[in-house]
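The structure appears right after this line, and notes come after that.
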Amino acid sequence: MAKTQKNKATAHHLGLLKAKLAKLRRELLTPTSKGGGGAGEGFDVTKSGDARVGLVGFPSVGKSTLLNKLTGTFSEVASYEFTTLTCIPGVITYRGAKIQLLDLPGIIEGAKDGKGRGRQVISTARTCNCILIVLDAIKPITHKRLIEKELEGFGIRLNKEPPNLTFRKKEKGGINFTSTVANTHLDLETVKAICSEYKIHNADVTLRFDATADDLIDVIEGSRIYTPCIYVVNKIDQITLEELEILDKLPHYCPVSAHLEWNLDGLLEMIWEYLNLTRIYTKPKGMNPDYEDPVILSSKKKTVEDFCFRIHKDMLKQFKYALVWGSSAKHKPQRVGKEHELEDEDVVQIIKKV
């Protein structure tokens, strides 16, 4: 692929090769044949709290120190590499939400191919709602690219939205390719080539943005995970101010010193922003709202129905209507049904059927 010139004539050929690569990678991760190594198994850590954040990085960048300072959990710290060998969980209580923080063992180059427990580390990272890539300020920024490459190889897409294209298989009628925008990367031939590699001969493909062959492969594979990610640059106490200013130009970046506890509040605020959680306060009838213990909902599922389900799954059977105070209500209180979308820090009172 590196030797092939990129132009319209070779796009078809490159698309085919990319599809083959993606297919082979998937077979590496989940071997289809019997015997041999199993699929990429993660570490057995029970999911607790309202969200899960994983610390990923090379050995000895200060992940364990960061976990110790943020959560008060003890994870062994030493000046040699590979001190942490399993996954150590800790919990931060922040703005009423319990956030589980996982200290994962250091990964090495080639982790996506199964080197050095890398497969377990990245499989566990796939279950996280947000990933913190911990980098050492003294070591070069090339580490950032290496870790991104390892995670991308495992189907984790960092700080990206799922591609806005529709792919639907059908019984007959060949490949239908429609696009609402001008395309520079994909044409009908390339789409057909990629689909035939997956043994798909009848499908509708609709593009709503200028997609690449990789985007199409991601949608066909369907096992991609889109995760927000923060680059935590640790040990900033050991570099000059000029170097810090250069690092400051990185997007999604947060400088800290775990050892001296610099800017840990800033990091927590950034994690909160990236997790995009919604806090809902409950109000029992005839009493004041309970501001101590909010119900936490994710940004994608924040209707009254999700709120009821989060409290107890039988609550919907007795649900009559809800009273809502807060920014999502047009007047206070507003009487709403279970489709109503809630906003952060709303107060909800559920009225049951008698």
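Of the DSSP H helices in the chain, those with a Cα length along their own long axis of 15 Å or more and a mean Kyte-Doolittle hydropathy reaching 0.0 comprise 264-275.
Available extension along the chain between Leu24 and Arg168 is 49.6 nm, counting 0.36 nm per residue and deducting the alpha carbon span. With a cut-off of 13 Å between beta carbons, the residues surrounding Glu243 carry a summed charge of -2, where Lys and Arg count +1 and Asp and Glu -1.
Summary of the geometry: the range 223-286 and the range 291-354, compared by the centres of their Cα atoms, lie 29 Å apart. How many percent of the accessible area of the chain is carbon or sulfur, using a 1.4 Å probe? Here it works out to 51 percent. For the chain, the 222 nm mean residue ellipticity estimated from helices alone, with every DSSP H stretch of n ≥ 4 adding -39500 (n - 2.57) and the total spread over all residues, rounds to -8500 deg cm²/dmol.
Loop-located chymotrypsin sites (Phe, Trp or Tyr not before Pro) in the range 205-285 (DSSP state not H, G, I, E or B) with no more than 16 neighbouring Cβ atoms inside 10 Å: Phe209.
Shape summary: the range 88-242 maps onto an equivalent ellipsoid whose semi-axes, from the alpha-carbon gyration tensor, are 38, 17, 16 Å in decreasing order. Largest GNM mean-square fluctuation across Gly153, Gly62, Gly337, computed for the chain with C-alpha springs under 10 Å, falls on Gly337.
Specify which labelled value, from (i) 66, 54, 42; (ii) 71, 59, 48; (iii) 65, 46, 38, agrees with Cα extents along the principal axes in Å derived from the coordinates of the model shown. Step by step, Cα extents along the principal axes in Å for this structure corresponds to label (ii).
At 1.4 Å probe radius, can you tell me the per residue accessible area of the chain in Å²? The partial results should precede the final answer.
Numbers: 19180 Å² over 354 residues.
Ligands and nucleic acids excluded, the figure is 54 Å² per residue.
Beta bridges from DSSP with both residues in the range 202-354: antiparallel share about 75 percent, rounded to the nearest 5.
The values are calculated or read from the model by the stated rules, or taken from the named source; none is laboratory data. Worth saying up front: this structure is predicted, and the values here are computed from it rather than measured. Reconstructed Cβ throughout: ideal geometry from the backbone, glycine too, with neighbour counts over all protein chains shown. Note: areas computed on protein heavy atoms with side chains; ligands, DNA, RNA excluded. Shrake-Rupley method; radii C 1.70, N 1.55, O 1.52, S 1.80 Å.
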